[in-house]
Amino acid sequence: MSTFTASIPTTAEIAETVRKSLHSIGVDPQLLDGSRETKSPITGEVIAHTKFHTDDEIESAVAQATETFKTWRTVPAPVRGALVKRWGQLLTDHKEDIATLVTAEVGKIHSEALGEVQEMIDIVDLAVGQSRQLYGKTMPSERPGHRLAETWHPLGVVGIISAFNFPVAVFAWNTALALVAGDTVVWKPADATRLSALAVDTLLARAAKDVGAPDGIHHLLLTDRTGGQKLVEDPRIALVSATGSVRMGQEIAPVIAKRFGRALLELGGNNGAIVAPSADLDLALRGIVFAAAGTAGQRCTSLRRLIVHSSIADTLVSRIVDAYRTLNIGSPTHEETLVGPLINANSFKAQQGALNQAKEEGGKIVYGGERVLADDQPEAYYVQPAVVRMPSQSAVVHDETFAPILYVMTYDTLDEAIEIHNSVPQGLSSAIFTQDNTEAERFLSASGSDCGIANVNIGTSGAEIGGAFGGEKETGGGRESGSDSWKVYMRQATNTINFSGKLPLAQGVKFL
Ligand code: NAD
């Protein structure tokens, strides 16, 4: 059994810290006086209310974003960068306040909540630099006296739909780059996280005012999925950047495709790590436990499948179980807590359903899976992270269950390990723990991991913003954050400039 941290705060105490943070950030009190409840997973009870936008208000937000785009696209990109830079300063000033809201709404431990806000600040830094680097190429023309070039222009209105588990970072990944690119944004956050959304949107509004940016470049929609559906259907939304489950992606992708809109899909993962016999097991253990049990298994990049060489499987599993026994489970507001609550009862049901299915399919739960602290907190769902030994192929390991379950399978050859690894429909993050360079390179090669993220000697979760983030197959194919992800927020034009005074046709075609 894990040791539990000190008592859970009362709902009134959580509500009070939330109220103070919202006040310190300057959120408009009128937006906190409405019909929609926000519950904290820490106690499972209501901590605040928010307004709910009407259809007319949503329409007006999209119309204003569409109109403002016409002005914003003409502002020089480095000047647009100045807005994002100011936002980053305000996020830094209010880092603690925002992290407090993330902890209260999502149940993330404070250190991870602070990390999420830091991720916002990091992407802002990247975007400010990017505002002077929206490079296009110049290519040699086949015709004398001609020049070929590409230019990148603002795209339009970006509709952002985000998931509960990264309530603010995903908004910043999209918004920092979209604003620098010259786009305007309309954001529909997850239903569970409207308070942190209000906080970071309020700071963006203040930044816009401080630098004199036009009104209407960003809009927060306090709505539910019906509001999200409006963005998906609306031809004025040039790009829909949607983060969430594969189910959500399957619903929205055909609708966007039908109107030839652009979609950036960041959907579910089912991430695996291979542990080779040469692995440094101390290092691997830390990487595995953080990725599998951290954030209570509620990251898109959480480690869900461990594929271990049969010669070391028993040793490694027993060390993982020993490590799991030391994890403090409890209120994320306490410093010593490492595993906070699940978001709600549905997550708990999904976790229990997956564990039952695993047992039916020949799995053996070697640790965890039980609900804890239920007597004191009937509406909150704290669980022991589970470790389950599984046969190498079973149906349940093909599903993403958004809770802390680590399925352990064994292999004998690296080819077999990679085949097991790639056999799931999702393709987000992956890792190999090995000290054998040949194995590492094979895993990273074209015939290795089929994921958008492939790591060596580091877990599947906790990406830095400098690289492009996203995954293949059912994860949706989108790329966000660093590298050249900025291009998805812009449209590309190819220019041919003729300074020859003649009109030679390409490919030697003769006409007139
Ligand atoms: P979810 O799919 O239930 O909801 C995500 C968002 O989509 C919410 O804002 C929701 O209201 C909205 N939505 C749902 N159906 C919609 C529809 N038909 N039209 C328009 N909007 C709709 O996901 P969740 O439970 O909030 O988050 C967990 C999931 O998100 C997991 O599957 C996780 O892997 C995934 N996720 C992926 C990434 C990534 O970058 N790949 C990051 C975070 C979370």
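The values are calculated or read from the model by the stated rules, or taken from the named source; none is laboratory data. Source: prediction; values computed, not measured. Backbone-built Cβ (ideal geometry, glycine too); neighbour counts: all protein chains shown. Keep in mind that these areas ignore ligands, DNA and RNA; they rest on the heavy atoms of the full protein, side chains included. Shrake-Rupley method; radii C 1.70, N 1.55, O 1.52, S 1.80 Å.
Rounded to the nearest 500, what is the chain's calculated 222 nm mean residue ellipticity when only DSSP H runs of at least 4 contribute -39500 (n - 2.57) each, over all residues?
One gets -12500 deg cm²/dmol as the mean residue ellipticity at 222 nm.
Please work out the FRET efficiency for the pair Lys359 and Ser445, using the Cβ-Cβ distance as r and a Förster radius of 60 Å; give the result to the nearest 0.05.
FRET efficiency, Lys359 to Ser445: 0.95.
Evaluate the distance, in nm, between pseudo-label points positioned 7 Å from the Cα of His153 and of Arg206 along their respective Cα→Cβ axes.
Taking the two extended label points, one gets 3.7 nm.
Taking the Cα centre of the chain as origin and charging only Cβ (+1 Lys, Arg; -1 Asp, Glu), how large is the dipole, in debye to the nearest 20? Walk me through the numbers before you get to the answer.
On the way: 45 positive and 59 negative charges, 398 e Å.
For the chain, the charge dipole is close to 1920 debye.
About the Cα centre, and with charges only on the beta carbon of Lys, Arg (+1) and Asp, Glu (-1), how big is the dipole of region 271-464? Nearest 20 debye, please.
320
Any idea what Rg and Dmax come out to for the chain if you just take the C-alpha atoms, in Å?
24.4, 88
Using a 1.4 Å probe and ignoring any ligands, DNA or RNA, find the accessible area of Lys20 and quote it in Å² to the nearest 10.
Answer for Lys20: close to 120 Å² accessible.
Which percent of the accessible heavy-atom area of region 271-464 goes to carbon and sulfur, probe 1.4 angstrom?
Of the solvent-accessible surface of region 271-464, carbon and sulfur hold 48 percent.
Evaluate the distance, in nm, between pseudo-label points positioned 7 Å from the Cα of Leu512 and of Asp436 along their respective Cα→Cβ axes.
That separation, rounded to one decimal, is 6.8 nm.
So how much accessible area does Tyr407 have, in Å² to the nearest 10, using a 1.4 Å probe?
10
Can you give me the accessible area per residue for region 271-464, using a 1.4 Å probe, in Å²? Kindly include the intermediate steps, with their values, before the conclusion.
Working: 7400 Å² over 194 residues.
So region 271-464 comes to 38 Å² accessible per residue, rounded to a whole number.
Please work out how much length the chain gains when fully extended from Lys20 to Glu464, using 0.36 nm per residue of separation minus the C-alpha to C-alpha distance, in nm with one decimal.
Length difference between fully extended and current span is 156.8 nm.
Nearest 10 degrees, 0 to 90: what angle lies between the long axis of helix 11-25 and the longest principal axis of the chain (Cα atoms)?
With both axes taken from Cα atoms, the answer is about 20 degrees.
How far is helix 77-93 tilted, in degrees, relative to the longest principal axis of the Cα atoms in the chain, given as a value from 0 to 90 rounded to the nearest 10?
Computed tilt is about 30 degrees.
Out of Thr496, Gly294, Ala15, whose Cα points farthest toward the positive end of the dipole of the chain (charges: +1 Lys, Arg; -1 Asp, Glu; placed on Cβ)?
Thr496
Taking 2.2 N^0.38 Å as the expected size of a compact globular protein, what ratio does the Cα radius of gyration of region 326-432 give against it, to two decimals?
Scaled against compact globular proteins, the figure is 1.19.
Cross-link candidates for Lys510: which lysines have Cα within less than 18 Å, leaving aside residues fewer than 8 places away along the same chain?
Lys502
Can you tell me the Rg and Dmax of region 271-464, counting just the alpha carbons, in angstroms?
Using the Cα atoms of region 271-464, the pair Rg, Dmax is 15.9, 52 Å.
Name the residue from Ala176, Gly115, Gly156 whose Cα lies farthest towards the positive end of the charge dipole of region 84-221, charges +1 on Cβ of Lys and Arg and -1 on Cβ of Asp and Glu.
The Cα lying farthest towards the positive end belongs to Gly156.
Against the longest alpha carbon principal axis of the chain, how many degrees, from 0 to 90 and to the nearest 10, is the axis of helix 169-181 turned?
Rounded to the nearest ten degrees, it is 10.
Which one, Pro425, Ala358, Gln384, is farthest towards the positive end of the dipole of region 341-490 when Lys and Arg carry +1 and Asp and Glu -1 on their Cβ?
It is Gln384.
How much length is gained on full extension from Glu335 to Asp215, taking 0.36 nm per residue of separation minus their Cα-Cα distance?
My answer for the length gained is 39.1 nm.
Lys487: which aspartates and glutamates have alpha carbons under 14 Å from its alpha carbon, excluding same-chain residues fewer than 8 sequence positions away?
Reachable aspartates and glutamates: Glu150, Asp183.
Take Glu105, Glu379 and sort them by solvent-accessible surface of the protein heavy atoms, 1.4 Å probe, largest at the top.
Glu379, Glu105
Assign unit charges at the C-beta atoms only (+1 for Lys and Arg, -1 for Asp and Glu), then state the dipole size of region 207-338 relative to its Cα centre in Debye, rounded to the nearest 20.
In debye, rounded to 20, region 207-338 gives about 520.
Could you order peptides 65-75, 295-305 by the average number of other Cβ atoms within 10 Å of their residues, highest first? Show your work: numbers first, answer last.
On the way: 65-75: 17.3, 295-305: 26.4.
By packing density, highest mean first, the sequence is 295-305, 65-75.
Label Gln250 and Asp412 with points 7 Å out from Cα along Cα→Cβ: what is the distance between them in nm?
3.6
Of the peptides 135-148, 364-377, how do they stack up when ordered by the mean number of other Cβ atoms within 10 Å, highest first? Walk me through the numbers before you get to the answer.
Values: 135-148: 12.8, 364-377: 16.2.
The packing order, highest mean first, is 364-377, 135-148.
Which peptide among 343-349, 307-313 comes first, and what is the full order, when sorted by highest mean count of other Cβ atoms within 10 Å? Show your work: numbers first, answer last.
Values: 343-349: 16.9, 307-313: 18.6.
Peptide ranking by packing, descending: 307-313, 343-349.
Can you tally the net charge around His218? Count Lys and Arg as +1, Asp and Glu as -1, for every other residue whose Cβ sits under 11 Å from the Cβ of His218.
Net charge around His218: -3.
Provide the gained length on full extension for the span Thr92 to Asp55, in nm with one decimal, where the gain is 0.36 nm per separating residue minus the Cα-Cα distance.
So the chain would gain 9.9 nm between Thr92 and Asp55.
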